[in-house]
Amino acid sequence: MRPYDVSELEAYVDGELDAVRRAELAAWLARHPEAQAVAETLRYQNAGLHAIFGKLLHQPVPPRLRAALHREPSESAKRLGHLPLIWVVAGGLLLVASALIGWLAHGYSFGRSMHEDQLAAFVESMQEATTFCDVAEESGGDNGFLISQEEEHPFLQAEGASGLRLLEARMLSGKKGLSTVLLFSDEQGRHISLFIQSRDLEEEQAPQLIEEDGINYFLWSDGPLSCTLVSPASV
Amino acid sequence: MSNAQQAIEAEIPYLRRYALLLLRDRDAADDLVQDTLERALLRLHTCNEQVRLRPWLFAILYNRFVSDYRKRVRENAVTEAGDLPETGVAAQEDRVALRELERALWQLPEDQRVALLLVGMEGMSYEEAASVLDVPVGTLRSRLSRGRRSLRLRLEGQSAEPRV
């Protein structure tokens, strides 16, 4: 029989070995007290964890936890439960935004607060973005008007966001630099806005859904972009 | 209440224990468990008969812990979570030894500690524990080995690898 290693002894103690190997190792351990002692130490650690923390299982469960299984999930929880759809919509919107900005910014001159190099860098980062996360909703002054029209977007329809129509796209310059705002309308005429701007890479922000006064703010960030999707809570 | 909800309800004590050992704060732990339960109900359709309920619930809980609750960890609230049992361990020396084990456990890096708790305390298979932590089985085993070695060295009074 091959000599044991600690990893295999751990698998033995944890019940991860098949019956044949387990029997082999048990027989071998019976003839090698020092290896047996190692196995006993491992067993002691497992048993010790049970002894130390076992009583935590017998504490009374707060009513609010049992109630959580009996009631309808909160609106915010429902929204989070459907996060994948939100991501699809958000991803679709961001792709549309990226394409629009890339196209519209080609040759576009702000002539006011944005320097061309800054715009070029922003557009490049937008086009390179492949995944999404976060939001920081802060737009400053209202400036560059890029587009204002109503048209169907096949990409959004294909991704399940059927009926979303782009109403307008704006470039805004604020304290944090250039940001983009896209305003969409769904079939019921409800408005959905997507804010995109560059962000500080050192500020980590997990995806977050905030519901406030009937409005949902879905925030995410990834790479150089910070995004906020704003919609009525009923969407 | 459906059978699935009843099965989930039976897991609440285990979820609370794991949440408490992650956060070391009872209120925060119960918030995390409530969050986990609400999400589990919403995703129940993704949990088929081939999926063991406890690892599935633990995975939701751990994911929520990592994404939103880790910042609420109470680093110094060690003994609150792991008070020794008042009965069941008769010998005083055993109680002292367990106290030492508990202290050594809290000295471990989080990744090693959570691996040890899933396998050693919860009795999960390597595959289940790896799925909870969303890491390959090899990574789980490596964390487990390093954690156990550190525990042993600490209990023997030797210096273990520095806490990360």
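The values are calculated or read from the model by the stated rules, or taken from the named source; none is laboratory data. As the structure is a computational prediction, the values presented were derived from the model and not from experiment. With ideal geometry, Cβ positions are generated from the backbone for all residues, glycine too; neighbour counts draw on all protein chains shown. Accessible surface areas use protein heavy atoms only, side chains included; no ligands, DNA or RNA. Shrake-Rupley method; radii C 1.70, N 1.55, O 1.52, S 1.80 Å.
Key figures for this structure:
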| quantity | calculated |
| --- | --- |
| Residues located in segment A:186-228, provided they are in contact with a Cys (Cβ under 8 Å, 6 or more places away or on another chain) and modelled with pLDDT under 70 | A:GLN205, A:ASP222 |
| Selection count, segment B:12-25, where residues are in contact with a Lys or Arg (Cβ under 9 Å, 6 or more places away or on another chain) and facing chain A (nearest Cβ under 9 Å) | 6 |
| Unmet criterion (only one of (1) touching a residue at least 40 places away in the same chain (Cβ under 8 Å); (2) open to solvent by less than 40 Å² (accessible area, probe 1.4 Å)) for B:ALA40 | (1) |
| Hey, B:LEU53 more than 8 Å from chain A (Cβ to nearest Cβ) and open to solvent by 30 Å² or more (accessible area, probe 1.4 Å) or not | yes |
| Residue tally, condition facing chain A (nearest Cβ under 7 Å) and either within 12 Å of the chain's Cα centre (by Cα) or open to solvent by 30 Å² or more (accessible area, probe 1.4 Å) (or both), over segment B:26-37 | 1 |
| Some residue of segment A:83-90 being under 30 Å from B:ARG39 (Cα atoms), facing chain B (nearest Cβ under 10 Å) and modelled with pLDDT under 85 | yes |
